[in-house]
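Any read-out appearing in this document is the output of simple, stated calculations on the displayed coordinates, not a laboratory observation. Note that the coordinates shown come from a computational prediction; the quantities given were computed from them, not determined experimentally. Don't worry about glycine lacking a Cβ; one is built from the backbone with ideal geometry, like all the others, and counts go over all protein chains shown.
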Amino acid sequence: MIRLSGGRFFALPEEAAAALAVGAELSDEEIERLAGLDAYLRGRDKALRMLAIRGRSRREIDDALRALGVGDAVRRGIVSELEEKGLIDDARFAREFVSVKKDVRRMGPHRLRADLKKLGVGRTDLEDALASFGADEQERLARALAERATRSGTIDEKMVRRVASMLTRKGFDYGVVNRIAADLARRMERGPDDTEWAAPDDM
């Protein structure tokens, strides 16, 4: 790290810092070059630390670098470099996102699609990732969630509405939600006043 006379600091690699003599006067162009190098190193370090935790979309990294104050040109350079090295790959990120969220968080395709859009994943990568989430798997996951939600309670109208609302929030198809709600409604216990009518005995 070097410090200019005005109190400004730059984080530079050792070889770059060693090339600067103590007390040397720097031109505006040299200061600008050092500022760009400092921004690049800070931005790349931030991106690598984020990627070390989990996969990230291109937009996630770009947004984080923008929040760090990294300029447009440097930011584009960092993202492009990481893409070339295979560290940022939206297609791979989308596949991993869908796999984890549906298997661990039990999310449906509509919620996954909305979340991936927010993360900046393009339509082609998004739809390719969701292609493996078939209708049978969606129904199986949704029914497992419904069974777990009704395991410890009486199935009544309130329970049916609560399960349907939960499945809708998690992003399952309306057709799947409606079928499960209808099945639960058929299983509802009859109330004490909900007896079947019987014809009186013949007199």
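Ordering S152, L184, G171 by the projection of their Cα atoms onto the charge dipole of the stretch 135-186, which places +1 on the Cβ of Lys and Arg and -1 on the Cβ of Asp and Glu, puts S152 at the extreme positive end. Set the Cα radius of gyration of the stretch 108-173 against 2.2 N^0.38 Å, with N its number of residues, and you get 1.32.
Quick one: if you stick a label point 7 Å off each Cα along the C-beta vector at S152 and A91, how many nm between them? Roughly 4.5 nm, to one decimal.
Overall, the stretch 89-133 carries a charge dipole of about 300 debye about its Cα centre when +1 sits on the Cβ of Lys and Arg and -1 on the Cβ of Asp and Glu, all other atoms neutral. The stretch between L37 and R123, if pulled fully straight at 0.36 nm per residue, gains 27.5 nm over its current Cα-Cα span. Calculated translational diffusion coefficient of the stretch 135-186 (10 °C, 1.306 mPa s; Stokes-Einstein with Kirkwood radius over alpha-carbon pairs) equals 148 µm²/s. Here the Debye sum runs over all C-alpha atoms of the stretch 89-133 as equal scatterers in vacuum, and log10 of I(q)/I(0) at q = 0.24, 0.30, 0.31 Å⁻¹ comes out as -0.73, -1.16, -1.23.
Segment D103..D45, full-extension length gain: 17.7 nm, with 0.36 nm per residue of separation and the alpha-carbon distance subtracted.
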